[in-house]
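Throughout, read-outs are computed from the coordinates displayed, never taken from laboratory work. From a predicted model like this one, the values you see are computed outputs, not experimental measurements. Because the Cβ atoms are built from the backbone with ideal geometry, glycine has one as well, and the counts that use them run over all protein chains shown.
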Amino acid sequence: MKSDLQDTLTFLKLGGSLLTEKTGIEALRKEVLIRLAIEIKDAVVQNPNMKLLLGHGSGSFGHVAAARFDTRIGVSTAQEWMGFARVSDAAARLNRSVCGALLEAGVPVTSLQPSASAVCEDGRIIYLAIQPIEAALNAGLVPTVYGDVAFDKVRGGTIISTEEIMSYVASTIVPSRLLLAGETDGVLDEHGSSLKEISAHNFPDISGSLGASRGIDVTGGMASKVQGMLDLVSRIEGLSVRVFSGLQAGNVRAALLDSGQQPGTLIH
């Protein structure tokens with residue numbers, strides 16, 4: 001379903017591996033975050049008509065806590081619910097750092113905590129409040145979501161990734177582009193080279209050779225993420241997905257402005 005916002009709407013995810021050192025514990029890359037905030041501000045200023053939904057991963061904040069308590073697979077005991085609360089706290093603390101940097105750069109972000117409204121059924125989102133996101137976009141704000149815990153009708157509790165949240169939102173508020181900024185130059189093959197494009201036609205041939213995520217990632221590796229993006233572009237006409245490195249200065253700005261040679265891997 002095409003939304004009124006689609007022609008001007010972009011979803012941008014800043015990966016947890018980009019914002020944090022995932023092999024550490026709550027190791028925020030402050031200099032990278034500050035630069036990314038400035039690049040996003042520059043892009044918004046240069047294209048004032050652009051509407052932007054921002055999301056970010058949990059990196060070495062939420063993923064470390066989630067792996068310790070196996071929160072993704074389910075929550076039932078008192079100890080597991082304490083873990084659920086700790087994961088929520090860790091993810092929210094990273095979100096405060098991200099939003100703080102963006103506000104300091106002059107980006108009008110407003111944080112929308114996914115767990116406040118998300119309902120899952122056996123690990124799949126079946127409800128998430130869309131109206132606050134739409135209202136924020138219409139007000140000229142940059143709504144910001146992030147990987148978070150969620151209550152689950154089957155598992156008790158679980159983890160929802162930023163990609164899963166954005167995929168759910170995209171079914172109602174349809175973007176023209178989904179940009180996934182991480183620490184690699186795109187989706188890498190077994191030789192460490194960036195693939196130029198991935199489609200439903202070549203994915204079966206390359207899925208087994210896609211590298212695993214560096215550090216802890218409780219929401220699945222790259223093959224799982226690419227499969228999710230392929231499912232999304234098959235459902236939404238006109239949507240393109242690009243996976244690229246945000247560590248390279250200027251890439252996020254260029255991707256948002258859709259200018260020049262676009263970096264990374266195109267998923268279509």
From a point 7 Å beyond the Cα of ALA78 in the direction of its Cβ, which residues of the range 134-158 have a backbone N at a distance under 19 Å? 157
Rounded to the nearest 20 debye, what is the charge dipole size of the range 6-267 about its Cα centre when +1 sits on each Lys and Arg Cβ and -1 on each Asp and Glu Cβ? 440
Between ARG68 and ILE25, what is the label-point separation in nm under the 7 Å Cα-to-beta-carbon projection? 0.6
The range 57-99: radius of gyration and largest Cα-Cα distance (Dmax), Å: 10.3, 33
Give the span of the range 30-101's Cα atoms along each principal axis, as three whole-Å numbers ordered largest to smallest. 51, 25, 15
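Assuming a viscosity of 0.692 mPa s and a temperature of 37 °C, what translational diffusion coefficient in µm² per second does Stokes-Einstein assign to the range 110-268, Rh being the Kirkwood radius over Cα pairs?
196
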Under 25 Å Cα-Cα from LYS13, which lysines qualify once same-chain neighbours fewer than 8 residues away are excluded? LYS2, LYS22, LYS30, LYS41, LYS51, LYS196, LYS225
Suppose we take every Cα in the chain and form the convex hull; what volume per residue is that in Å³? 115
Where the Cα atoms of the range 75-134 are projected onto their three principal axes, how long is each span, largest first, in whole Å? 43, 26, 13
Student exercise, the range 102-208 dipole from Lys, Arg, Asp, Glu Cβ charges, in Debye to nearest 20: 400
If you place +1 on the Cβ of every Lys and Arg, -1 on the Cβ of every Asp and Glu, and leave all else neutral, what size is the dipole of the range 2-94 about its Cα centre, to the nearest 20 Debye? 60
